[in-house]
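What follows is a short report on a single structure.
The values are calculated or read from the model by the stated rules, or taken from the named source; none is laboratory data. This is a predicted model, so every value here is computed, not measured. Using ideal geometry, Cβ is built from the backbone for each residue, glycine included, and neighbour counts are taken over all protein chains shown. For accessibility, only protein heavy atoms count, side chains too; no ligands or nucleic acids. Shrake-Rupley method; radii C 1.70, N 1.55, O 1.52, S 1.80 Å.
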Amino acid sequence: MRRSASLALTAAALVAALAGCGGSSNDDTATTSAQATGAFPKAGIAFTPPADWNVDAGSGHLVATAQAGQATVAVWRYPRTETLPKSRLQLQSARDALLEASTKRDATFEKIKTAATEIAGEPAVQIRAREHVAGQPRTVRSTHIYAHGAEYVIDAYADADSFRAVDAQVFRPLLRSVHVSAPQ
């Protein structure tokens, strides 16, 4: 559970990602097209981003970011060698470990709600919380999907004043659009 690293890296990744990429080769066009549609086959994940959001490919474990204003979605993929949680009890154990790591990382962390669930037909844990991202207070919906030998993490966050609206209009629909598969 690399949640502690994931949010800290998101801010740095956004700065790098927002620098943009240019060029006009066919490979760049294909990459831009994949980003616009939210398809990242090398990482085994696809999602439908809002049409007016900036979507940028990440590097390393960061697959992609989508951003508009103060709202951000960061998509991560962490390969796992251990047995992935599947049962309700295993998902609750994973949730507890995530909560413990978050509390250790951020003294201001305040859990709102958690759920063992299923996303894209795969076992998942969701945590909604108030915490600090890059030093700024945010409300976060962090979704951990366990599939295909990996933990896919989708961190969706916004300032407290706009979270409820962005969550309903963007974050939850985006999560419903997620598809995970074996990386290509």
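Report whether or not Gln136 is farther than 19 Å from Pro49 by Cβ and at pLDDT 95 or above.
Numbers: farther than 19 Å from Pro49 by Cβ: yes; at pLDDT 95 or above: no.
Here the answer is no, as Gln136 does not meet what is asked.
Considering only the range 57-114, state which residues are in contact with a strand residue (DSSP E or B) (Cβ under 6 Å, 6 or more places away or on another chain) and of a type in the set (Gly, Ala, Ser).
Answer for the range 57-114, where residues must be in contact with a strand residue (DSSP E or B) (Cβ under 6 Å, 6 or more places away or on another chain) and of a type in the set (Gly, Ala, Ser): Ala57, Gly58, Ala64, Ala66, Ala71, Ala74, Ala94.
Output the residues belonging to the range 100-109 that are in contact (Cβ under 8 Å) with a residue 12 or more places away in the chain, part of a helix (DSSP H, G or I) and over 15 Å from Asp155 (Cβ atoms).
Scanning the range 100-109 gives a single hit, Lys104.
Which residue is most open to solvent (accessible area, probe 1.4 Å), if the candidates are limited to the range 40-72 and must be in contact with a helix residue (DSSP H, G or I) (Cβ under 6 Å, 6 or more places away or on another chain) and closer than 18 Å to Ala134 by Cα? Let's see the steps before the verdict.
Keep residues of the range 40-72 that are in contact with a helix residue (DSSP H, G or I) (Cβ under 6 Å, 6 or more places away or on another chain), which gives 47-48, 50, 55-58, 62, 65, 71.
Now drop any that are not closer than 18 Å to Ala134 by Cα, which leaves 58, 62, 65, 71.
Details: Gly58: 34, Leu62: 11, Thr65: 4, Ala71: 6 Å².
It comes out as Gly58.
Those residues that are small (Gly, Ala, Ser) and surrounded by fewer than 22 Cβ atoms within 10 Å (Cβ to Cβ), I need them from the range 133-184; list them, please.
Ala134, Gly135, Ala147, Gly149, Ala150, Ala160, Ser162, Ala165, Ala168, Ser177, Ser181, Ala182
Can you find a residue in the range 73-96 that is aromatic (Phe, Trp, Tyr) and assigned to a strand (DSSP E or B)? It would help to see each step written out before you state the result.
Here is the first cut: in the range 73-96, the residues aromatic (Phe, Trp, Tyr) are 76, 78.
Keeping just the survivors that are assigned to a strand (DSSP E or B) gives 76, 78.
Yes, the range 73-96 contains a residue that is aromatic (Phe, Trp, Tyr) and assigned to a strand (DSSP E or B).
In the range 115-138, what count of residues is obtained for those that are assigned to a loop (DSSP other than H, G, I, E, B), out of contact with any strand residue (DSSP E or B) (no Cβ under 6 Å at 6 or more places or on another chain) and over 15 Å from Leu84 (Cα atoms)? Give the steps one after another, and end with the answer.
Narrowing the range 115-138 to residues assigned to a loop (DSSP other than H, G, I, E, B): 120-121, 134-135.
So of that shortlist, the ones also out of contact with any strand residue (DSSP E or B) (no Cβ under 6 Å at 6 or more places or on another chain) come out as 121, 134-135.
Still in the running and over 15 Å from Leu84 (Cα atoms): 134-135.
Of the residues in that region, 2 qualify.
So that you can scan it fast, the table gives a plain yes or no per residue for (1) within 16 Å of the chain's Cα centre (by Cα); (2) at pLDDT 95 or above; (3) among the basic types (Lys, Arg); (4) buried (at least 18 other Cβ atoms within 10 Å of the Cβ):
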{"site": "Ala97", "(1), (2), (3), (4)": "no, yes, no, no"}
{"site": "Ala101", "(1), (2), (3), (4)": "no, yes, no, no"}
{"site": "Ala107", "(1), (2), (3), (4)": "no, no, no, no"}
{"site": "Glu110", "(1), (2), (3), (4)": "no, yes, no, no"}
{"site": "Lys113", "(1), (2), (3), (4)": "no, yes, yes, no"}
{"site": "Gly121", "(1), (2), (3), (4)": "no, yes, no, no"}
{"site": "Val125", "(1), (2), (3), (4)": "yes, yes, no, yes"}
